[in-house]
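What follows is a short report on a single structure.
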């Protein structure tokens, strides 16, 4: 379901930085430590949640924040040579993640969170990362320590693992949104318009006419026969 345009225009830079930084940290953990590959199943959720909720310009900024956060988390600057590699990787990540954030935002605006489209768009991003930036595949496990996933990747290709991981991220995000919407819908109180539509009857007893009050009556006659 497409997202509300008025909500998507809201700008909150600290929240965008928090979402991008959280995703960057989770991606770095799963990429640098293959034994924690399962972290990648939730790594993109903060980024995707924010990307489909903001406006177009902030979705681009969100991708830039994700790229910068990932580089600062995963790179160690030991010399000028590593500084050059850092700047090159940063530039590549900025372009790719800004593009991905833009496309995800457009998908969310027009058709909602579509797991197939969002996952399919990640494939060229993953391919460019592994072939042109020198970083390798961020979400595709490429070490034997990843066990079953590595064997599946050897059979079907590592990009298919990335595709499946982004699908899992998107499905979890949809479930979280449905749970949140259901919880909020239960707590919604009637609006002021609904309260005004209820007709209340107020009457002051002292203002009633005298004809409303019953007239005094004598006790009933006795029917006892002597």
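The values are calculated or read from the model by the stated rules, or taken from the named source; none is laboratory data. Everything quoted here is computed from the prediction, not taken from an experiment. In this analysis, Cβ positions are derived from the backbone assuming ideal geometry, glycine residues included, and neighbour counts consider all displayed protein chains.
Any residue at all in segment 50-68 that is touching a residue at least 60 places away in the same chain (Cβ under 8 Å) and touching a helix residue (DSSP H, G or I) at 6+ places or on another chain (Cβ under 8 Å)? Give the derivation first.
Filtering segment 50-68 for residues touching a residue at least 60 places away in the same chain (Cβ under 8 Å) gives 52.
Right, trim to touching a helix residue (DSSP H, G or I) at 6+ places or on another chain (Cβ under 8 Å) and you get 52.
Taking every residue of segment 50-68 in turn, at least one turns out to be touching a residue at least 60 places away in the same chain (Cβ under 8 Å) and touching a helix residue (DSSP H, G or I) at 6+ places or on another chain (Cβ under 8 Å).
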Original post:
For segment 102-119, what are the residues that are in a helix (DSSP H, G or I), more than 17 Å from residue 42 (Cα to Cα) and in contact with a helix residue (DSSP H, G or I) (Cβ under 8 Å, 6 or more places away or on another chain)?
Top reply: 102, 103, 105, 106, 107, 108, 109, 117
**OP:** Go through (1) under 16 Å from residue 42 (Cβ atoms); (2) at pLDDT 75 or above; (3) in a helix (DSSP H, G or I); (4) in contact with a helix residue (DSSP H, G or I) (Cβ under 8 Å, 6 or more places away or on another chain) one by one and return the number of the condition residue 159 breaks.
**Re:** (1)
Subject >> Cβ pairs under 9 Å, 6+ apart, first in segment 14-27 and touching a residue at least 12 places away in the same chain (Cβ under 8 Å), second surrounded by fewer than 19 Cβ atoms within 10 Å (Cβ to Cβ) and not in a helix (DSSP H, G or I) >> reply: 26/42
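Evaluate the following for residue 174: is it out of contact with any strand residue (DSSP E or B) (no Cβ under 7 Å at 6 or more places or on another chain), surrounded by fewer than 17 Cβ atoms within 10 Å (Cβ to Cβ), part of a helix (DSSP H, G or I) and modelled with pLDDT of 70 or more? I'd like the intermediate steps shown before the answer.
On the way: out of contact with any strand residue (DSSP E or B) (no Cβ under 7 Å at 6 or more places or on another chain): yes; surrounded by fewer than 17 Cβ atoms within 10 Å (Cβ to Cβ): yes; part of a helix (DSSP H, G or I): yes; modelled with pLDDT of 70 or more: yes.
So residue 174 fits the description; yes.
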**OP:** Please go through segment 4-24 and pick out each residue that is surrounded by 17 or more Cβ atoms within 10 Å (Cβ to Cβ) and modelled with pLDDT of 50 or more.
**Re:** 16, 17, 19, 20, 21, 22, 23, 24
